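Structure, as structure tokens:
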Amino acid sequence: MKTRKDCFFGLHFDFHAMNGEEVGSIIDTSSIEKMLDATKPDMIQVDTKGHPGISSYMTDAGVHAEVMHMDVLKIWRELTSKRGIRLYAHHSGLFDIMQAKLHPEWCSLDVEGNPNGCFENGGFMSAFSPYVDKVLIPQIKEIAGTYKTDGVWVDGEQWGAYIDYSPWAKDAWKKETGKDAPLPEEDGYLDYVEFCREGFRRYVAHYIAEVKSEYPDFEITSNWMYSHAMPEKRTVPIDFISGDYNSSNSVNSARDLGRCIVAQDTTWDLMAWGQNARPESWLTRDRCTKEGTQLCQEAAVVLALGGGFQFFNILYGTGGLVQEWAIDSWTEVAKFCRERQEYCFGGKSIADIGILYSKYYGDINLFTPRSFKQLRAFVSMTADAGLSCDVINEADMKNLEKYKVIILPSAEFYEPETLKIISDFAKKGGIVIADGGVDFGAEISGATFKEPVKKLVFPDCDGRLSCLDTKYFEPELKGAETLIDCYDGNYYYEKEKHPGCIINKFGKGKVISFCFDMGDVYRDNKTYALKQFTRKLFREAGYNAFISVTGSDYADLTLTKKNGKVMAHIINMAGEHNAVGVRTFNEIPKIGPLDIHIRCPKKPKAVILRPENKKLKLVDKKDGFTYRIDSLDIHSIVEIEL
């Protein structure tokens, strides 16, 4: 029997039913059937309750739409069952505006006693309140039992959890500790913040246990749990990890977020927004439906990482209508994904560059560490230079011996034990690259650093300069040497030269320290020169890539292993996916020719381009073996049998 781990490609339809909406008013069953037969998804996710808290099925446990022309959920179940397609519900969890109106006493409150969130009555339930038992669990059981759906994708969850001063939360704290809930300026406040985080974990674990006690095969996830937003060791038994990434700058977003999920080594998928929305909000109707080529490029980034891919459309006011005019584009995406499934789905990363993600949340955000901005900057920086990389969660560090390089972005806090583990990695022969502000101490870094000064820094990018408005950490060298220079102006002038990166030999390895805060500026400051800087940095550090691609700065490389073969995924990152003002596009310029260099002692047994099924031509044997791809449309896989 299929489960979520078998679901490679899917589509998601929700519509966040609102006051006055007539569910099923213009639904066309024939359009649903046409879409299912054309795209042949493994799974479908459909609306059961959006953030307004109005259910789109005949619930007895919550509030359904006033006018129900037909039982839309029943129709979806019948049509998907007939075709062997799994059906999951999109159901809003902690975010429930209707229940906030009906039961304001259930709301999550801020320290001043006001509802958390920006909606009337807040709209966000306390994870400690009776809401989970009175409304959420009974509704999920209806969806599982009455409608025989296969699972639920619970939305509005970790990002709907707040530091909670509701009576429910404060009473739970007092029962557990015997103390009153501390205020932000009082001792014990950080313990209270962590208590609220644990309250969310217990809330999710509770509804999973209650539902599975009756429906053990029903699959459940909480949106974005154990992703970039919760870089933790998994303790709550969700069945899969999933989330919907940004509607704009989507290719880069999927590339960053996907790597955070890969770190968890479990069943996962990512969901693209099928429209470019303005503003980027679930509320807006200002949505331009994306074109097939555009979604294929987004899909490629997810598929290359080994995950499943789905995309969604929201049509407010339609009560569940499927856009028949868009089916051809959706079919194009389905075909693109299916052609690559054999070579992508379930592949495991073999990147030898790891980027550490601090587990420290801080004292403001309940979830999503502040260091996420710095983390994704280094993911982009490494990938933009054509290098394959992983994310390593500080909360669950394992198998570090697989890496040649570990990068530490700046963060509010790393555990002392973490820094010891990373310094031991260097001592044993690894290369450690630390952003400005990450201080291992003079013995390990080979330098001490002065307090940072905000200034313009112009790093030497292998014969060209680039400008960064950043913090500069002036080093006092105590054994380290300058690896890369930087300047005070956009010209090479010896009197204005300073260390940009320094390198210190430590044990059998090396520790490289940035003297400026690269992670704080890279994502909004991309230049060709900085790509050259990154390549120079790794080259000067002594890093030799197992596989590399040259020929275009738009060639993205992701390395996985599947069925005993190395899969080198080459993605064309050209086009308008991050162009301000461009909402949809249907053409991406080809890149190539591209050379794929494999650094191995013996000639590979076979090197085949997939899904084109084309043997690649060997063009060079210097320091390994180089094969050529004449041109690349969006995504191809170089299958290497060693």
Within region 346-374, which residues are out of contact with any strand residue (DSSP E or B) (no Cβ under 7 Å at 6 or more places or on another chain) and of a type in the set (A, V, I, L, M, F, W, C)?
ILE364, LEU366, PHE367, PHE372
Restricting to region 476-505, and then to whatever is closer than 14 Å to ALA442 by Cβ and surrounded by 22 or more Cβ atoms within 10 Å (Cβ to Cβ), can you tell me which residue is nearest to the chain's Cα centre (by Cα)?
ILE502
Residues in region 483-520 that are small (Gly, Ala, Ser), assigned to a strand (DSSP E or B) and in contact with a Pro (Cβ under 8 Å, 6 or more places away or on another chain): how many?
2
In region 263-292, residue farthest from SER388 (Cα to Cα) [restricted to those that are surrounded by fewer than 24 Cβ atoms within 10 Å (Cβ to Cβ) and basic (Lys, Arg)]:
ARG285
Exactly one of (1) out of contact with any strand residue (DSSP E or B) (no Cβ under 9 Å at 6 or more places or on another chain); (2) free of Cβ contacts under 8 Å to residues at least 40 places away in the same chain; (3) farther than 30 Å from ALA395 by Cα; (4) charged (D, E, K, R) is unmet by LYS455. Its number?
(1)
Of the conditions (1) modelled with pLDDT of 95 or more; (2) surrounded by 24 or more Cβ atoms within 10 Å (Cβ to Cβ); (3) more than 21 Å from VAL204 (Cα to Cα), THR177 clears all except one; give me its number.
(2)
I need a count of the residues in region 535-565 that are closer than 21 Å to GLY463 by Cβ and touching a helix residue (DSSP H, G or I) at 6+ places or on another chain (Cβ under 7 Å).
1
Does SER222 count as crowded, with 21+ Cβ neighbours inside 10 Å and either of a type in the set (S, T, N, Q) or not assigned by TED's automatic domain parsing to the domain that holds VAL154 (or both)?
yes
In the list VAL638, VAL566, VAL549, VAL619, which residue meets the criterion of being at pLDDT 95 or above and over 18 Å from ASP352 (Cβ atoms)?
VAL619
Among the residues of region 261-268, is any on the phi > 0 side of the Ramachandran plot and charged (D, E, K, R)?
yes
Looking only at residues in region 52-64 that are surrounded by fewer than 24 Cβ atoms within 10 Å (Cβ to Cβ) and within 21 Å of LEU283 (Cα to Cα), which one is nearest to the chain's Cα centre (by Cα)?
PRO52
Being touching a Phe, Trp or Tyr at 6+ places or on another chain (Cβ under 7 Å), surrounded by fewer than 21 Cβ atoms within 10 Å (Cβ to Cβ) and over 30 Å from GLY362 (Cβ atoms) narrows it down to one of LEU303, LEU295, LEU315, so name that one.
LEU315
How many residues, within region 550-594, are aliphatic (A, V, I, L, M) and either in the same structural domain as GLY306 (by TED's automatic domain parsing) or surrounded by fewer than 15 Cβ atoms within 10 Å (Cβ to Cβ) (or both)?
3
Of THR534, THR448, THR527, the only residue that is among the polar types (S, T, N, Q), under 27 Å from the mean Cα position of the chain (by Cα) and within 27 Å of PHE413 (Cβ to Cβ) is THR534
Looking at ASP390, ASP424, ASP384, ASP396 in this structure, which one is over 24 Å from LEU559 (Cβ atoms) and either out of contact with any strand residue (DSSP E or B) (no Cβ under 9 Å at 6 or more places or on another chain) or not β-branched (Val, Ile, Thr) (or both)?
ASP424
Just wondering, is there one or more residues in region 199-213 that are in contact (Cβ under 8 Å) with a residue 60 or more places away in the chain, assigned to a helix (DSSP H, G or I), within 12 Å of the chain's Cα centre (by Cα) and crowded, with 19+ Cβ neighbours inside 10 Å?
no
Residue by residue through region 215-232, note down the ones that are assigned to a loop (DSSP other than H, G, I, E, B) and either under 11 Å from ILE261 (Cα atoms) or in contact with a Lys or Arg (Cβ under 9 Å, 6 or more places away or on another chain) (or both).
TYR215, PHE218, TRP224, MET225, TYR226, SER227, HIS228, ALA229, MET230, PRO231, GLU232
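Matching residues to (1) aromatic (Phe, Trp, Tyr); (2) over 26 Å from VAL72 (Cα atoms); (3) buried (at least 23 other Cβ atoms within 10 Å of the Cβ):
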residue: HIS103; (1), (2), (3): no, yes, no
residue: VAL111; (1), (2), (3): no, yes, no
residue: PRO115; (1), (2), (3): no, yes, no
residue: CYS118; (1), (2), (3): no, yes, no
residue: PHE124; (1), (2), (3): yes, yes, yes
residue: ALA127; (1), (2), (3): no, yes, yes
residue: ILE137; (1), (2), (3): no, no, no
residue: ILE143; (1), (2), (3): no, no, yes
residue: LYS148; (1), (2), (3): no, no, no
Is there a residue in region 472-482 that is closer than 16 Å to GLN374 by Cβ and either part of a strand (DSSP E or B) or not small (Gly, Ala, Ser) (or both)?
yes
Condition first: at negative phi, free of Cβ contacts under 8 Å to residues at least 40 places away in the same chain and part of a strand (DSSP E or B). Can you find one or more residues in region 247-259 that meet it?
no
With (1) in contact (Cβ under 8 Å) with a residue 40 or more places away in the chain; (2) more than 22 Å from PHE546 (Cα to Cα) as the list, and GLU576 as the residue in question, which single condition is left unmet?
(1)
So which strands (runs of 3 or more DSSP E) stay within region 369-461 end to end and still have 3 or more residues that are surrounded by fewer than 23 Cβ atoms within 10 Å (Cβ to Cβ)?
453-459
Sole exception among (1) within 14 Å of SER108 (Cβ to Cβ); (2) part of a loop (DSSP other than H, G, I, E, B) for PHE195, by number
(2)
Cβ-Cβ under 9 Å pairs, at least 6 apart or on other chains, region 99-116 side at pLDDT 95 or above, far side loosely packed, with under 15 Cβ neighbours inside 10 Å and of a type in the set (A, V, I, L, M):
VAL111/LEU183
Within region 276-286, identify whether any single residue is of a type in the set (Phe, Trp, Tyr), part of a strand (DSSP E or B) and either outside the structural domain of ASP556 (by TED's automatic domain parsing) or modelled with pLDDT under 95 (or both), and answer yes or no.
no
Could you list all residues from region 137-156 that are in a helix (DSSP H, G or I) and touching a strand residue (DSSP E or B) at 6+ places or on another chain (Cβ under 8 Å)?
GLN139, ILE140, ILE143, ALA144
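The values are calculated or read from the model by the stated rules, or taken from the named source; none is laboratory data. These figures come from a predicted structure and were not determined experimentally. When we count neighbours, we look across all protein chains shown, and the Cβ atoms used for this are built from the backbone with ideal geometry, even at glycine.
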